[in-house]
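Working notes, beginning with the structure itself.
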Amino acid sequence: LVFTEEDKYGLYSNLLFKYFLAEGVVCGHELFVASAKEHPDNILKELPAPLLDDSYRKELGDEAAAVKSEDFQDSMKIAWRYQNLPKMETSPTTYTRFGHYYDVSKKMSPELCQSVKLHSFYLHEELPCEPQMKTWNMNSGYARLLQSIQRIISQEGFDGSDPQKKQRNVLRIGIQSLGSILWGDDVCCSDAPEDAQSLTKFLYILRALLRKSLSACVITVPAHLIQNKAIMERVTNLSDMVVGLESFIGSERETNPLYKDYHGLVHVHQIPRLNSLICDVSDTKDLAFRLKRKQFTIERLHLPPDLSDTVSRASKQDLAGSAKLLSSGCGAMAIGKKHLDF
């Protein structure tokens, strides 16, 4: 269960949500898409097109050539005393293919979308709850969604506890903007919501369904609207992985030269713990994302090596103050725990 905190305007979290579904289409998995805001059929039409074989090599070759030319230019400018320091990798998996890559400037072909089986749940088209569902003491929208997921898992052969005769497959579940007012939930409206337990009850039952089935789920939640921190703590504890996207749109960081190459920050609040009490901590906590012309990339955030001569001394002091706000891992991988010299 992957819990994604939406950015303020929901632009980049929606793109990440579509990446998850597009990977399911390319891998031949079955999809279950649930939303109260946008019809699942329209979501499927907006999936990014995959870069397959020839186009992938061409795209990667162009980027590799650009990076080599940048490295050559940097080697001409860099001071001799820094040449032997280990080079910091921008991306955790630089130029090694993992999974599939997608072109966000193009839409996936209808033939490829129709090649997989789609189970859709659009809240405004669903029938009212059955009487026995009301005994769960839960929001009716959540109860109908759980009923639909449970039916798909049992009828389509994803239940791991029952012996299945047909070939096994994986079910990818995507739930958009859970907890918003469109689902009939009031956790985003007030500090003391009347129905504060529905969201946590839903996640508790959903996690039990995922544990006994061959399925994975990604949920996007407008966490910036939920003022009650206790609810967010419970939701975090009920999720396996929690990722937050902080967009620079509308904030002072959008015009800060320190972040000029990025469009936002990625906060990894929690990662899965498998057969252990504590989770493995990544070597870096400073991740940033940017939307290129064709690709959405997540990279390690590092400070620029030097500022241009046109930047005034006052703004340099402001940048230095902004740099202190970053965690100690920023730019420190190459030289251990020493401070950076500007």
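Stretching Glu46 away from Arg273 to a fully extended chain increases their span by 78.4 nm, per 0.36 nm per residue minus the current alpha-carbon distance. For Leu274, the solvent-accessible surface computed with a 1.4 Å probe is close to 140 Å², ligands and nucleic acids excluded.
Pairs exceeding a 21 Å alpha-carbon distance, out of Lys107/Lys292; Lys45/Lys106; Lys212/Lys285; Lys107/Lys294; Lys45/Lys260; Lys166/Lys212: Lys212/Lys285; Lys45/Lys260.
Work from the charge dipole of the stretch 155-203 (Cβ charges, +1 for Lys and Arg, -1 for Asp and Glu, about the Cα centre) and give the residue of Val187, Leu203, Gln167 farthest towards its positive end. The residue sitting most towards the positive pole is Gln167. Once the Cβ-Cβ distance of Asn137 and Lys294 is raised to the sixth power relative to R0 = 56 Å, the FRET efficiency obtained is 0.70.
With each label modelled as a point 7 angstrom along the Cα→C-beta vector, the His100-Lys212 pair spans 3.2 nm. Would you please state which residues of the stretch 1-35 a label at Lys229 would reach in this model, taking the label point 7 Å out along Cα→Cβ and a backbone N cut-off of under 20 Å? Output list for this probe position: 5-6. For the stretch 151-223, the gyration tensor built on C-alpha atoms gives a prolate shape. Its axis ratio a/c (a ≥ b ≥ c) is at least 1.5, and a/b is the larger of a/b and b/c. When the square roots of the Cα gyration tensor eigenvalues are ordered a ≥ b ≥ c, the ratio a/c for the stretch 101-255 is 1.5 or more and a/b does not exceed b/c, which makes its shape oblate. The modelled label-to-label distance for the pair Thr236/Thr255, using points 7 Å beyond Cα in the direction of Cβ, is 3.2 nm.
The values are calculated or read from the model by the stated rules, or taken from the named source; none is laboratory data. Because the structure is predicted, anything quoted here is derived from the model rather than measured. A quick note on method: Cβ atoms are made from the backbone with ideal geometry, for glycine too, and the neighbour counts reach across all protein chains shown. Surface accessibility is based on the protein's heavy atoms, side chains included, excluding ligands, DNA and RNA. Shrake-Rupley method; radii C 1.70, N 1.55, O 1.52, S 1.80 Å.
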